[in-house]
Amino acid sequence: MAEKSATPGVAPGDRCAIGISFGNSYSSIACTIDDSPVVIANEDGDRQIPTVLSYVDGEEYTGNQAKALLVRNPKNTAVAFKDFLGQDFKSIDPTHCHAAAHPEDKNGTISFTIQDQVEGEPSTLSVSEISTRYLRRLVQSASDYIGKKVTSAVVTVPTNFGEKQRDALIKAAQAADLEILQLVNEPIASVLAYDARPEAKLEDKIVVVADLGGTRSDVAVIASRGGLYTLLATAHDYEFAGAQLDKVLMDHFAKEFMKKNANVDPRENAKSLAKLKAESEATKKALSIGTNANFSVESLAEGIDFQLTINRLRYETIARKVFEGFNRLVEGVIKKAGLDVLDIDEVILSGGTSHTPRIASNLRSIFPGTTAILAPSTSPTALNPSELQARGAALQASLIQEYESDDIDQSTHPAVTTVNHISNAIGVLTVSEDGEEIFTPIIAPETAVPARRTVHVEAKDGGNVLVKVVEGGTHIKVTKPEPKVKENGTKEDDDEDSDFDSEEEEEEHREKIWKIGSTLAEAAIKDVKKGGKVEVAITVGNDLSVIITTREVGGKGGVRGSLKAP
Amino acid sequence: MATATVVSRPLLALPADWSAEKDFKPIGSITAFTQRTIEPVGPHFLAHARRARHKRTFSEDDRIQAQERAQKVEKDEESEESEAEDPMMLQREAKDWKSQDHYQVLGLSKYRWKATEDQIKRAHRKKVLKHHPDKKAAQGSTEDDNFFKCIQKATEVLLDPVKRRQFDSVDEKADVDPPSKKEAAKGNYYKLWSRVFKSEARFSKQQPVPVFGDENSTKEDVDTFYNFWYNFDSWRSFEYLDEDVPDDNENRDQKRHMERKNTNARKKKKAEDNARLRKMLDDCSAGDERIKKFRQEANAAKNKKRLDKEAAEKKAKEDARLKKEAEEKAAKEAEEKAKTDREANKKAKEAAKNALKKNKRVLRGSVKDANYFAGGDAAPAQIDAVLNDVELVQGKIDADEVAALAGKLNGLTVADEIKAVWNAEVKRLVDAGKLKEGEAKNLA
Ligand SMILES: Nc1ncnc2c1ncn2[C@@H]1O[C@H](COP(=O)(O)OP(=O)(O)OP(=O)(O)O)[C@@H](O)[C@H]1O
Ligand SMILES: [Mg+2]
């Protein structure tokens, strides 16, 4: 095995770098043109390229062409292999390979037996080899588009992609003549894709990324602080993802087919099943755009053609359980992060399944109105959920491609990335209209240090003011509605929306309240002008020491003091 | 972040007595922090890395140290212990899924209804990794995929909230039997029953459920507990035990019949379950020393009240009796006094009468002694005239005057002296206007 340091790096000047999202179901490639990311279509015109590799008569196929071969050539078609990279046979789930080439254990290496030559015995192709061949095709498509040989890439990986898996992926890419500049976590790439938009503001926020894919759903809670991202919690779900939605439709159409065709079950024949699956997925995608979709397969089973329309409502009904599973998954990971839905500023829907309007509207319903739900159906400015990871990867590639690979290694070193994060907010006390002392945050909790934040606080009446710097925490205040007093007979029965109103009223009200924590320091600013403002700047150092500077905005002098590290 | 946010709420006013050197008072330090890994992604990270590295080169040791310090977000699946698989269970037929223990199939026996959705998913994945038939086939084994189907069925049931409730409703392995009287008597009464109710609480629509508590629970808590449980609102239902309804369209009647039968069976089981819970509560409360204690305390309080009341009543009665007696006594005494008074009066009157009689006799005797004021033998006319006048005078004076007159006359024997007394008396009476001039002239 080659040592890490022996990895051949490409000289920065010779690089042509892209971003790759390498999924179990689909992959995407992207580059940047004038610093903005562009997702590249392959020779078939696809931007979501099925992660499938198939051989017929010694000819290699990928993407949708290969996927189509699942019907007549499943044995020589490899699918859903990416997660197998760097794994032991005992720890892989072969479920999604059932209707394609099966993974096998060949002397401790996960392999497929595939007839990849015109003649002779079938070959034993390791997962690494399959990945190399697939990546080579992706790189080829990108090179064709860019018109220059792609040498390097940033590739996205799930947050639970282990060290061995990373190594295996890097090696598989190298074997395809592709230098991996960096592997980045998928949800982070999605956040970057949004944050890199020219109109995006740099804000401290808590972001949830729900990556709903084909074989897995991954959710991450991320603290975004001054453009630095920290994972607070993650969840991985292999039960509820796009494939389950395909299955819901497959069962639906199979049953309808059986009703009309003397109980012939298209699920019992491999070829019929493959056709059923392919068309169910296509129908599912169509239902993300239209309110009706047509399912149509020639010779679905026993030579019988089948054609049926389904409307979106029907689909949403039969898929309800899977949809509800997504809500629970998201709620669960927020709880795991020790947060509440009220703490979430943004929900980014990522992955192909996130195109589904109902999934977005279901999520919309569990978050407060102030939370942005970034999905095509809930936000007109949302990016294509299928493209986020490739875009983020391309952006990162363009950021780092000019660095020597040693330099990149050192910059991503844990000694650089492991830093202190403050657990509580730091802020000042202000006075509410009722004369109550209220915590006003300046630095948000879970901010990585060093960090510096500045606010301007009104000093309405002027004079001498106290800048009291304290820590703050939050709690969720739940107000139960007052039991409703029934108005007797005053309201007419035909008041149609009265029912609706009453339900609204009875919902409990939840709000996030700041609690005042321990005091850090006090400073005085004297003789502030009436209607003036006071600037408070707080800097927390690497070692968690604090420097506070405060002065009247536009005034001279000011106060500066520091606090010891804990 | 360069730009400053503007806060519209004003700062606090400076207290008049506030002072500090250079107007700054350091008070505390940051109290809580965690080491976490920031993602090495994006333009702001590049800036961070430049600052953090500052021409330094980090070694493999630095890497290990830093990684150890950082809080882990992804957890090791491997570290989870796994439940041994019962060989009998591995032999199960998938078609008998209704009778299978879904939790056991997934290796979650000890969690059962407490297993979280996440646990179920992870347990499923673990089982899939181990039992997937494609994997077994790839390894040359020809085993059937029955147990794999059992796993899939178990997962299907347990990941569907509705189906899971139906199964949990009839998951007897999660039941905790109520302790027998003997067991409960051994001193673990509260612990044993707590366990029963904790398990039973899983069926409550309302959560959280009040806890059973222990010997130190307050009366209020105990009351709340029993009130809650006697009004228990349970989601438990029994459709999981339904008999299979034929799925074909031909036997419509039979189908309807089966459905009706099932509905009735569910109702019956639900009623039985309610009765079971009720009985359990009755048994539990019957042996609950706290209830006895509270009852005794309540009784003692009530008794005290009653005794107080009784005593008060008794006292009132006694007082009334005494009062009555006193009154009666007073009345009697008064009566007796009146009687003696009357008698004394009568005697006095009699005595007075007698005295009067005697005095009158003295008066008459005096004139007789004076020989009716006649020298020699008195003529009967003279006697009559004198006695008439005596009679007249007597009639004009009262008893006291009679007595006084008699006193004066008593002992007198000399006629003149007697006459002088009478003379004076007549004169007094004439002066007083009681006698007219010339009346009783025989005595004058
Ligand atoms: N427009 C759409 N509407 C609904 N579903 C879609 C749409 N486009 C793609 N999908 C589904 O999204 C899933 C693929 O998601 P994605 O492209 O994120 O794949 P992936 O990351 O490779 O997934 P994984 O690694 O989880 O298998 C498939 O199930 C696909 O059918
Ligand atoms: Mg994905």
query = Which condition number in (1) within 12 Å of chain B (Cβ to nearest Cβ); (2) open to solvent by 50 Å² or more (accessible area, probe 1.4 Å); (3) in contact with a strand residue (DSSP E or B) (Cβ under 9 Å, 6 or more places away or on another chain) is the one that A:H98 fails?
reply = (3)
task = Would you please name the residue that is farthest from ligand 1 (Cβ to nearest atom), looking only at residues in the range A:197-219 that are outside any strand (DSSP E or B) and more than 14 Å from chain B (Cβ to nearest Cβ)?
result = A:E199
task = Only residues that are surrounded by 15 or more Cβ atoms within 10 Å (Cβ to Cβ), more than 16 Å from ligand 2 (Cβ to nearest atom) and of a type in the set (D, E): list them for the range A:266-315, please.
result = A:E279
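To keep it simple, each residue is scored yes or no on (1) within 14 Å of chain B (Cβ to nearest Cβ); (2) open to solvent by less than 10 Å² (accessible area, probe 1.4 Å); (3) part of a helix (DSSP H, G or I).
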position: A:N327; (1), (2), (3): yes, no, yes
position: A:V330; (1), (2), (3): yes, yes, yes
position: A:V333; (1), (2), (3): yes, yes, yes
position: A:I348; (1), (2), (3): no, yes, no
position: A:R358; (1), (2), (3): no, no, yes
position: A:S361; (1), (2), (3): no, no, yes
position: A:R364; (1), (2), (3): no, no, yes
position: A:P368; (1), (2), (3): no, no, no
key: Any helices (runs of 4 or more DSSP H) falling wholly within the range B:115-167 and containing at least 3 residues that are in contact (Cβ under 8 Å) with a residue 24 or more places away in the chain and of a type in the set (A, V, I, L, M)   = B:146-158
query = Only one of (1) closer than 24 Å to A:I206 by Cβ; (2) within 13 Å of ligand 1 (Cβ to nearest atom); (3) in contact with a Gly (Cβ under 8 Å, 6 or more places away or on another chain) fails for A:S377. Which number is that?
reply = (3)
ask   = Which members of the range A:423-447 meet the condition of being facing chain B (nearest Cβ under 7 Å) and within 25 Å of the chain's Cα centre (by Cα)?
value = A:S423
request  = Check the range A:243-257 and report whether any residue there is more than 16 Å from ligand 2 (Cβ to nearest atom), within 14 Å of chain B (Cβ to nearest Cβ) and within 17 Å of A:T353 (Cβ to Cβ).
outcome  = yes
task = Taking only the range A:22-38 into account, find how many residues are within 15 Å of ligand 2 (Cβ to nearest atom) and either open to solvent by 10 Å² or more (accessible area, probe 1.4 Å) or not assigned by the TED database to the domain that holds A:I114 (or both).
result = 4
ask   = Across the range A:78-95, what is the total count of residues that are away from ligand 2 (no atom under 16 Å from the Cβ), open to solvent by less than 20 Å² (accessible area, probe 1.4 Å) and away from chain B (no Cβ under 12 Å)?
value = 1
ask   = Restricting attention to the range A:449-462, does a residue exist that is closer than 14 Å to A:G517 by Cα and not aliphatic (A, V, I, L, M)?
value = no
Every residue from the range A:402-413 that is facing chain B (nearest Cβ under 7 Å) and either in contact (Cβ under 8 Å) with a residue 24 or more places away in the chain or open to solvent by 10 Å² or more (accessible area, probe 1.4 Å) (or both) = A:Q410, A:S411, A:T412
note = Checking B:K114, B:K186 in turn, the sole residue that is at pLDDT below 90, open to solvent by 20 Å² or more (accessible area, probe 1.4 Å) and over 22 Å from B:M88 (Cα atoms) turns out to be B:K186
query = Residues A:P187, A:P158: which one is within 13 Å of the chain's Cα centre (by Cα) and under 24 Å from A:I422 (Cα atoms)?
reply = A:P187
request  = Any chance you could count how many residues in the range B:117-166 are within 12 Å of chain A (Cβ to nearest Cβ), under 17 Å from B:D86 (Cα atoms) and open to solvent by less than 30 Å² (accessible area, probe 1.4 Å)?
outcome  = 7
message = Suppose we keep only residues that are hydrophobic (A, V, I, L, M, F, W, C) and over 26 Å from A:I438 (Cβ atoms) within the range B:3-46. Which one would you say is nearest to the chain's Cα centre (by Cα)?
response = B:I38
query = Can you find even one residue in the range B:38-59 that is facing chain A (nearest Cβ under 9 Å), assigned to a loop (DSSP other than H, G, I, E, B) and among the basic types (K, R)?
reply = yes
inquiry  = Regarding the range A:54-74, can at least one residue be identified that is β-branched (V, I, T) and within 14 Å of chain B (Cβ to nearest Cβ)?
reply    = no
inquiry  = I'd like the residue in the range B:1-37 that is among the acidic types (D, E) and surrounded by fewer than 17 Cβ atoms within 10 Å (Cβ to Cβ) and, out of all such residues, is farthest from the other protein chains (Cβ to nearest Cβ).
reply    = B:D17
query = With respect to A:K275, is the statement that it is more than 14 Å from every other protein chain (Cβ to nearest Cβ) and of a type outside the set (D, E) true?
reply = yes
message = Suppose the filter is assigned to a strand (DSSP E or B), surrounded by 22 or more Cβ atoms within 10 Å (Cβ to Cβ) and in the same structural domain as A:A17 (by the TED database); does A:S111 pass it?
response = yes
key: Members of the range A:390-401 that are at the interface with chain B (Cβ under 8 Å from one of its Cβ atoms) and open to solvent by 40 Å² or more (accessible area, probe 1.4 Å)   = A:L399
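The values are calculated or read from the model by the stated rules, or taken from the named source; none is laboratory data. Note that this is a predicted model, so its numbers are computed, not measured. Positions of Cβ are backbone-derived with ideal geometry, glycine not excepted, and every protein chain shown enters the neighbour counts. Protein only, heavy atoms only, side chains kept; ligands, DNA and RNA dropped before computing areas. Shrake-Rupley method; radii C 1.70, N 1.55, O 1.52, S 1.80 Å.
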